[in-house]
1. Condition test on A:Ala182, is it at pLDDT 95 or above and closer than 28 Å to A:Tyr121 by Cβ?
2. Within segment A:328-351, track down each residue that is away from chain B (no Cβ under 12 Å), part of a strand (DSSP E or B) and farther than 11 Å from A:Asn55 by Cα.
3. For segment A:131-149, state whether one or more residues are away from chain B (no Cβ under 14 Å), free of Cβ contacts under 8 Å to residues at least 40 places away in the same chain and over 28 Å from B:Met84 (Cα atoms).
4. Among what's in segment A:235-276 and is in contact with a strand residue (DSSP E or B) (Cβ under 7 Å, 6 or more places away or on another chain) and of a type in the set (Gly, Ala, Ser), pick the residue that is farthest from A:Ser149 (Cα to Cα).
5. Among the strands (runs of 3 or more DSSP E) contained in segment A:213-270, which hold 2 or more residues that are more than 13 Å from chain B (Cβ to nearest Cβ) and under 19 Å from A:Gly295 (Cα atoms)?
6. Is there any pair with a first residue in segment B:48-64 that is more than 21 Å from B:Asp78 (Cβ to Cβ) and a second that is modelled with pLDDT of 85 or more and in a loop (DSSP other than H, G, I, E, B) whose Cβ atoms are under 7 Å apart and which are 6 or more apart or on different chains, and what are they?
7. Which ones in segment A:223-240 are within 28 Å of B:His51 (Cα to Cα), free of Cβ contacts under 8 Å to residues at least 40 places away in the same chain and not β-branched (Val, Ile, Thr)?
8. Of the numbered conditions (1) farther than 28 Å from A:Gly51 by Cα; (2) in contact with a Leu (Cβ under 7 Å, 6 or more places away or on another chain), A:Arg309 satisfies every one except a single condition; which is it?
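The values are calculated or read from the model by the stated rules, or taken from the named source; none is laboratory data. For clarity, every value in this text was computed on a predicted model and none was experimentally measured. Here the Cβ is made from the backbone with ideal geometry for all residues, glycine too, and neighbour counts use every protein chain on show.
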Amino acid sequence: MKLRFLGVLILLLFLGRISTAQSAADASAAQNQGTSDSTRHFEGVPIITGGIALNASFEPHENNMNPVVAPIFLVPLGRRVLIESEVEVESDITYSHREYLPVTLTKSVEYAQLDFFAGKYLTIVAGRYATPFNIYKERFDARWIRNLSAAPLIFPLGDSSSNGGQLRGAIPLSSSAQFSYAAYFSAQTTNVSASSARQSGLRTALFFPGARVEAGFSFNRLLGENRFNRFGTDFTWNVRGLPLDIRSEALFSKVVGNGYWIEGAYRFSGSRYPRWLRRSQAVVRGEQYFHPSEGVPADFEAPEVDTTRLFGGWNYWITDSVRAQVAYGRQFATENNHNIWTVGISYRFVK
Amino acid sequence: MRWLSVAVILSFCLALAAWANDKSSKQGAAASTARPIDGEQVYKSNCTRCHNTPPTLTERQTRVVVRHMRVRANIPADQADAAMQYLSETARRD
């Protein structure tokens, strides 16, 4: 109890310090520059954005179709507060062994959070938020952003939303390096559309804007009935001078297993390519998952054996907001080597 | 023990933010003469490394989207402002 009190006290002291310093900095900047700043003069309007996608996958004895609607609601409140929420509605239509399985409809709240901009380098998040473990969940999970419609094998092992609080931000260390952090605590909730585990953790990263390289480290500890640690590392590189994106992640856990994926995406955007090709992107991904010897807890969706998967795909932007995808993959697992075909189309909107 | 570790992590983050904020406010006067942040570079370094160019929005929509991305992509406030200035130049008129 004393520790809890001490923690709250430290939090309040620092928040007071940061707010005071921020106000002074704002006033000083206003006096010196007379420039506009999003925090001082903020005029925003509520927005509905998000994506709609239809993906299909074809594997031996099983075909699958997934329509997904994921609207995002953004509501600014004054100078320092933003309320944001994403709801995902996904259906699963499966044709397996010559019969249709019951169609499922999953509704989930990905996040419904209040962001308080406490200072230049600190945002306090309260409510339900996407757990900042590795980078895929927060940055690449949206259907209109992901390079391949199939998520990496290790993604479900680190994917979650949390109900609680989070401190996050980024601090420039020099003109060429930036440190970012996100630390969180989540309470257990059993609501079917907004469940969360009791967990805490953090993600820190170094970002080099000039080179467009980011390397991150994540730690997560589950504090409920299952208590164990997960560690993650992520790396992204936007190669300058070449329209090539490299993304990768790794996950390490004694309980849910180890794995990694690495993906390269090349956009044919140079003027040397024919006009129709300039809207195309070629993608390759390699990934491996190593199953733990004692089996994975039932809450986690993971391959039952060590698995290797290779994907090659093609993305084509029909317009800036509509993208078609096709990919071929080959999965290698004990007595279960097979091909995977995926096709999909996604639409991004802002209203 | 559990609460102590949570308190230590949170305190570390807050201390870091407080230190950076303090440093930044002390450098406030110097900043007015320093080279301004290039909004186009911020946009290219932070936004297009994850997704392609978004549809043209109004200035007020742009402000909200940049604020959303400031949280999602961990962008410091002054850089988010610079990106917003850059995007405002190409924004649709309301």
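1. Working: at pLDDT 95 or above: yes; closer than 28 Å to A:Tyr121 by Cβ: yes.
Yes.
2. So in segment A:328-351, the residues away from chain B (no Cβ under 12 Å) come out as A:328-345.
In the following step, the residues that additionally are part of a strand (DSSP E or B) were identified as A:328-333, A:338-345.
Residues satisfying the conditions are A:Tyr328, A:Gly329, A:Arg330, A:Gln331, A:Phe332, A:Ala333, A:His338, A:Asn339, A:Ile340.
3. No, segment A:131-149 contains no residue that is away from chain B (no Cβ under 14 Å), free of Cβ contacts under 8 Å to residues at least 40 places away in the same chain and over 28 Å from B:Met84 (Cα atoms).
4. Taking the candidates together, the pick is A:Ser253.
5. Result: A:229-239, A:244-252, A:258-267.
6. Short answer, once both residue conditions are applied: B:His51/A:Ile145; B:Asn52/A:Asp320; B:Thr53/A:Asp320; B:Pro55/A:Asp320; B:Pro55/A:Ser321; B:Gln61/A:Val45.
7. A:Phe231, A:Phe235, A:Trp237, A:Asn238, A:Arg240
8. Result: A:Arg309 fails condition (1) only.
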